[in-house]
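Take a look at the structure below.
The values are calculated or read from the model by the stated rules, or taken from the named source; none is laboratory data. Note that the structure is predicted; figures quoted are calculated from it, not measured. With ideal geometry, Cβ positions are generated from the backbone for all residues, glycine too; neighbour counts draw on all protein chains shown. Just the protein is used for accessible areas: all its heavy atoms, side chains included, with ligands, DNA and RNA removed. Shrake-Rupley method; radii C 1.70, N 1.55, O 1.52, S 1.80 Å.
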Amino acid sequence: MAEKESHIETSMEETKKYSPPEEFKKKANMNDPGIYKYAEENYEEFWAGHAENLEWYKKWDKVLDWENPPFAKWFVNGKINASYNCIDRHIKDGKGDKVALIWEGEPIDESTKYTFNELKEEVCKFANGLKELGVGKGDVVTFYLPMVPELAIGLLACARIGAPHSVVFGGFSPTALADRVHDSESKVLVTADGYYRRGKKLNMWENALESLESTPTVEKVVIVDRMGRKDLELDDSRDVYYHKLVAEQSTECEPEQMDAEDMLFLMYTSGTTGKPKGVLHTTGGYLTGTMTTFKWVFDIKDEDIYWCTADIGWITGHSYLVYGPLANGTTTIMFEGSPDYPDKDRFWKIVEKYKVTVLYTAPTAIRLFMKWGREYPDRCDLSTLRLLGSVGEPINPKAWEWYHKVIGDSRCPIVDTWWQTETGMILITPLPGITDLKPGSATRPFPGIQADIFDAGGSPLEPNQGGYLVLKRPWPSMLRTLYKNPERFKKTYWSEYGINIYFAGDGARKDEDGYFWVVGRIDDVLNVAGHRLSTMEMESALVDHPAVAEAAVVGRPDDLKGHVPVAYVILEGGRTGSDELAKELIGHVGKIIGPIGRPAGVYFSEDLPKTRSGKIMRRILKRLEAGEEPGDTSTLRNPEIVEELKNRVQ
Ligand code: WTA
């Protein structure tokens with residue numbers, strides 16, 4: 001991990017349904033504050049009680065196996081299917097005609113709804129199509145798609161046949177896609193001919209094609225016809241259109257009986273080294289965790305219309321747009337477009353159109369809405385909203401207040417939810433109706449979760465002292481490992497304080513009421529508009545350019561995006577920096593990582609602050625960018641460079 005700072009400022013037996021024991025039902029009344037105590041003292045029983053709400057082919061022999069930390073097993077030997085539990089279970093319960101998925105396209109007049117019955121048909125058809133392409137249990141399928149219904153359908157189709165999915169965010173570059181396909185050894189790639197962005201038609205197929213040049217494992221490519229393009233040159237032995245693949249397929253597909261610990265999906269995320277990490281989630285625990293937290297954090301009722309604005313290319317879209325809501329039989333909305341197209345009121349038009357009751361979005365979006373002004377939400381009827389959620393980064397109190405007042409009409413509670421790709425589910429959050437809120441704090445750990453703040457040496461800190469956020473006990477939807485890299489899994493998360501303490505990589509403090517205040521990443525990961533980016537990945541992209549000898553990327557605080565990446569660059573001998581070269585480098589990084597990775601600025605410098613062993617001290621650059629004093633420079637080989645850079649940055 002990154003160097004640490006000494007302190008931080010701031011067949012259902014066959015179809016038998018297991019009903020939770022009466023005793024548990026009583027105790028699991030989450031409206032009772034005593035639930036915290038109960039879950040604390042009986043956390044395995046607590047999670048088992050929730051798992052009983054799912055339908056299992058075979059129940060588990062043991063709730064948790066934590067004998068070989070950090071490799072946890074939950075619901076040992078249980079057999080279950082996630083797709084069945086997100087769809088068929090509700091049909092069996094008489095909800096077949098309820099709307100499961102609402103899709104709103106970017107063009108204002110384009111939308112679709114799928115009832116649970118219809119969703120089942122689509123999922124089965126795609127699942128059968130994938131089988132026809134040779135996809136079987138355990139074969140990873142990569143998705144590189146915009147926010148089209150086929151993406152949600154695709155996840156559930158994969159889950160149905162036991163093929164783990166790996167979704168790569170559509171904004172990533174061909175290189176980033178190729179890296180992820182390569183690591184997961186996917187044989188099938190699902191992509192699209194293009195997508196809409198603010199009314200413009202953008203290519204996607206070209207990116208996919210470019211990445212296919214370096215991904216020899218891919219045997220079949222499924223193409224969603226989003227734009228009706230006629231100019232695609234297909235390789236008939238490899239490429240097939242989605243609509244052709246599914247046209248003749250049966251609308252029935254027997255779900256595969258999966259072991260609770262079988263892989264459900266991979267989600268690549270940025271880490272402290274250049275290579276993205278394949279975070280591996282399994283079936284039974286993940287579904288239990290996301291179903292339960294979704295229900296309780298959003299206090300979900302059967303009639304709710306829920307909208308999570310995240311892209312399915314990120315974990316939030318997996319856990320709280322697809323699996324969490326559908327496991328609860330909740331109507332979930334998926335939006336293809338941008339908040340400002342055709343106008344800056346698009347989000348609020350959607351809330352009005354579908355009578356959204358629960359909205360889950362990110363602070364970066366809220367800050368943007370604040371900047372645009374309240375005239376846009378004020379044009380729309382938002383009176384159906386009853387609960388608001390926030391995720392992805394710390395929400396500053398000013399944005400919290402605005403969200404609460406302008407969007408929530410001072411009526412709707414806000415649930416500020418802390419979690420990560422690795423945690424799979426929300427871990428620190430208020431429970432509406434129980435927890436008193438403090439703007440800016442994600443409040444308390446979810447029942448059964450043990451979080452704490454440790455100092456660098458591993459001792460728990462007193463209230464209000466800044467330190468490192470840790471989790472002291474396993475939870476059902478925790479990542480099980482990093483794909484094909486158990487050593488890196490151990491080293492990254494479980495070696496800082498001992499093999500059973502999870503190191504989250506976030507700086508935080510706990511106040512006198514036990515409320516958690518998360519400051520942000522303490523490693524080389526940047527949170528840019530709620531997206532995790534690796535500074536190392538950006539640095540590798542920069543030095544890939546022939547003009548660059550060395551580079552350091554750090555985050556600069558930004559009013560809208562939280563942080564933006566800025567690059568400090570030392571050029572190859574004799575070259576001098578220019579605006580043109582800066583633009584070229586920004587474009588180069590954008591090409592390698594994708595548009596979201598483009599640095600906001602480039603500084604050219606003769607040298608960078610380095611330790612005597614030659615390591616770049618990024619921490620000093622970070623402080624300069626934040627407008628702070630650089631701190632102790634005595635261990636530097638070249639302290640004089642700090643003054644020079646300081647004058648230039650400020
Ligand atoms: C940050 C997104 C403060 C944190 C679900 C974490 C937050 C990283 C919050 C994970 C929050 C997420 N308050 N910080 N409510 N939620 N974070 O993997 O730094 O994309 O480690 O998962 O986002 O980002 P990831």
Q) Hey, got the dipole for region 529-649? About the Cα centre, +1 on K and R Cβ, -1 on D and E Cβ, debye to the nearest 20? A) 360
Q: Just read off the accessible area of TYR196 with the full protein assembly in place, 1.4 Å probe, to the nearest 10 Å².
A: 40
**Q.** Order of exposure, largest accessible area first, which applies to TYR323, TYR241 with probe 1.4 Å
**A.** TYR241, TYR323
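P(r) tail for region 379-443, what percent of Cα pairs lie past 19 Å?
Roughly 31 percent, once rounded to a whole number.
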Q) Hey, what's the chain come to in accessible area per residue, 1.4 Å probe, Å²? A) 38
Q) To the nearest 20 debye, what is the magnitude of the charge dipole of region 118-259 about its Cα centre, counting +1 on the Cβ of each Lys and Arg and -1 on the Cβ of each Asp and Glu? A) 560
Q) In terms of the Cα gyration tensor, with a ≥ b ≥ c the square roots of its eigenvalues, is region 345-404 rounded because a/c is under 1.5, prolate because a/b exceeds b/c, or oblate? A) oblate
Q) In the chain, what cysteines have no partner Cβ closer than 4.7 Å? A) CYS86, CYS158, CYS308, CYS380, CYS412
Q: Could you tell me the convex hull volume per residue, in Å³, taken over the Cα atoms of the chain?
A: 155
Q. Are there GluC sites (Glu not before Pro) in region 297-386 that DSSP puts in a loop and that have at most 11 other Cβ atoms within 10 Å, and which ones?
A. GLU303
Q. Per the 1.4 Å probe, what fraction of the accessible area of the chain, in percent, lies on carbon and sulfur atoms?
A. 48
Q.
Quick one: 3J(HN,Hα) in Hz for region 185-201, Karplus 6.51/-1.76/1.60 with θ = phi - 60°, rounded, Gly and Pro as x.
A. 6, 5, 9, 10, 10, 10, 9, 9, 6, x, 7, 9, 9, 6, x, 8, 8
Q) Roughly how many Å is it from the Cα centre of region 282-320 to that of region 522-557, as a whole number? A) 31
Q: Specify, per residue and in Å³, the volume enclosed by the convex hull of the alpha carbon atoms belonging to region 350-458.
A: 125
Q | Listed residue (LEU133, VAL240, GLY162) projecting farthest to the positive dipole end of region 118-259, Cβ model | A | VAL240
**Q.** Debye, to nearest 20: dipole size of the chain, +1 on Lys, Arg Cβ, -1 on Asp, Glu Cβ
**A.** 460
Q.
Just want the answer: with Cβ charges of +1 for Lys and Arg and -1 for Asp and Glu, which residue in VAL519, ILE434, VAL76 is farthest toward the dipole's positive end in the chain?
A. ILE434
Q: Using the Karplus curve 6.51 cos²θ - 1.76 cosθ + 1.60 with θ = phi - 60°, work out ³J(HN,Hα) for each residue of region 155-172 in order, rounded to whole Hz, and write x for Gly and Pro.
A: 4, 6, 5, 4, 4, 5, 9, x, 9, x, 9, 9, 9, 10, 3, x, x, 7
Q | List HIS243, HIS531, ordered by accessible area with a 1.4 Å probe, largest first | A | HIS243, HIS531
Q. Of TYR483, TYR403, which has the most accessible area with a 1.4 Å probe, and how do the rest follow in descending order?
A. TYR483, TYR403
Q | Selection from THR251, PRO216, MET147 lying farthest towards where the dipole of region 118-259 points positive, charges on Cβ | A | MET147
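Are there GluC sites (Glu not before Pro) in region 47-132 that DSSP puts in a loop and that have at most 11 other Cβ atoms within 10 Å, and which ones?
Passing sites in region 47-132 are GLU67.
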(Q) So if I restrict to the alpha-carbon atoms in region 529-649, what is the Rg, and what is Dmax, the biggest pairwise distance, in Å? (A) 13.8, 38
